[in-house]
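See below for the structure under consideration.
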Amino acid sequence: MADEHLQTAVIHAGQSPEPVTGAVMPPVFQTSTYAQEWPAKHTGYEYARGDNPTRQALQRCVAALESAEHGIAFGSGLGATSTILQALPANAKVVGGDDLYGGTYRLFERIYRKRGMDFSYADFSQADPAEVIAEGTHLVWLETPTNPLLKVADVAAIAARCRAVGATLAVDNTFATPIFQRPIELGAHLVVHSTTKYLNGHSDVVGGIVLTSEPEWAEQLTFLQNASGAVPGPWDSWLTLRGVKTLAIRMAKHQENAQRIVAWLADHDEVERLHYPMWESDPGYALAKKQMSGFGGMISFVLRGDLARAERLVASTKLFTLAESLGGVESLIELPASMTHASVPPEQRAALGIDDGLIRLSVGIEHVGDLVADLQQAMDVSVRG
Ligand SMILES: *Cc1c(COP(=O)(O)O)cnc(C)c1O
């Protein structure tokens, strides 16, 4: 993204008026196939698994936001991740973060391990990259900030180690978004998004995308997008493209609201621990300041007391909806131990620091006064019992 501000690029990058009608918004090209003038003489579009102009516009737009040359879109975030794994040798060595998105962990352990891949895990917020990324590693899979503890890892240092040993660094940038963090500028080879979350932003589409400037990866992933087939449809591509137009103003508002709520939680007697990387007392703050320009609406905190108390709180909010997922305009609340991270064994959750009382918020863009009032009344209910 060399010459435009992100606030401009979210609206214009990769898009120009449609040449036939002048339509300002790229149309939904709802077609599975394209007419050919003569056998194998066509416009460049043959069959919609291979390519679709609506999908193209989305791919070009998000690539520009992530300072990447190429975007390759998929039907879900996990479809994107799985396609990256398909490009690796069958016995590839992969090193992942220790509190990865649960579905990514399941994909690694229950599907690709069976096919011969080797997975190990490290706390990249603490570990020395040289110690955990051995020679012979093919892929490093990094989330920063992580989910749900929002731990921060040094992307540039990990990228340097990956380049030294010939490993590919993939960064899942779903939480930070390119508005606040651009891993390719820090040396990563691949950036992955669940566009289901902030990029689309309206909780009405499931989608994924990979961004890269590495020619070999772009070629492999474009081949696999068609050959393996986990593509997004034109409607979902269009909705996501529309969602991205407001990404910059949404993220600014998510951040503003989250900062207010973090300040309120930090002062609250019932809060035992608080996680938000762009908060001065957070252990990840210095690093977050160095490699990010802000952070959005994800907050997690541990409520004093037992699981029952935390359950009462998350069940008592009226504006915050009790639901998995994140990154939409509406505020959500959830209990990782019982919901998003229930598939992680209890001993492992304890080792990771995912306490029973850990509550995760995805702060939306409502009026923050209403959000704080809602949390306060739910807090009161949970304390009263
Ligand atoms: C949701 C999510 C995914 C998976 O994406 P889907 O679109 O649900 O397949 C991957 N990584 C992170 C950080 C997520 O939040």
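Things worth noting here:
- Highest to lowest packing among 65-72, 288-295, scored as the average C-beta count within 10 Å: 65-72, 288-295
- Spacing of the two label points (7 Å from each Cα toward its C-beta) at Val381 and Glu324, in nm: 2.3
- Translational diffusion of segment 249-384, µm² s⁻¹ [Kirkwood Rh, Cα pairs; Stokes-Einstein; 25 °C; 0.890 mPa s]: 163
- In degrees, nearest ten, helix 368-384 long axis to first principal axis of the chain (Cα): 50
- Pairs of C-alpha atoms in segment 103-171 farther apart than 14 Å represent 60 percent of all such pairs.
- Here, P(r) means the percent of Cα pairs in each 10 Å bin from 0 to the largest distance; for the chain it is 5, 23, 32, 24, 12, 3, 1, 0.
- Taking θ as phi - 60° and the Karplus parameters 6.51, -1.76 and 1.60, the scalar couplings of segment 149-160 work out to 8, 6, 6, 10, 10, 7, 4, 5, 5, 5, 4, 5 Hz in sequence order, x denoting glycine and proline.
- Calculated log₁₀ intensity ratio I(q)/I(0) where the Debye formula runs over C-alpha points of segment 1-153, q = 0.11, 0.13, 0.18, 0.20 Å⁻¹: -0.64, -0.83, -1.14, -1.23
- The antiparallel fraction among DSSP beta bridges confined to segment 3-244 stands at about 45%.
- Coordinate range along principal axes, alpha carbons of segment 217-294, Å, largest first: 55, 26, 24
- Paramagnetic reach from Gln86 in segment 9-40 [backbone N under 20 Å; point 7 Å along Cα→Cβ]: 32-33
- Under 5 Å, built H, 5+ apart or other chain: amide partners of Arg273: Val302
- Of the trypsin sites (Lys or Arg not before Pro) found in segment 1-69, the ones in coil according to DSSP and having at most 16 other Cβ atoms within 10 Å of their Cβ are Arg49.
- For the pair Met339 and Thr31 in one chain, pulling the backbone fully straight at 0.36 nm per residue adds 107.1 nm over the alpha carbon distance.
- Here r is the Cβ-Cβ distance between Asp267 and Tyr47 and R0 is 51 Å; the resulting FRET efficiency, rounded to 0.05, is 0.30.
- Of Cys162, Thr212, His193, farthest towards positive along the dipole that unit charges on Lys, Arg, Asp, Glu beta carbons give segment 125-221: His193
No lab work stands behind these numbers, since they all come straight from the coordinates. Because the structure is a prediction, the values reported are computed rather than measured. Note: ideal-geometry Cβ built from the backbone for every residue, glycine included; neighbour counts use all protein chains shown.
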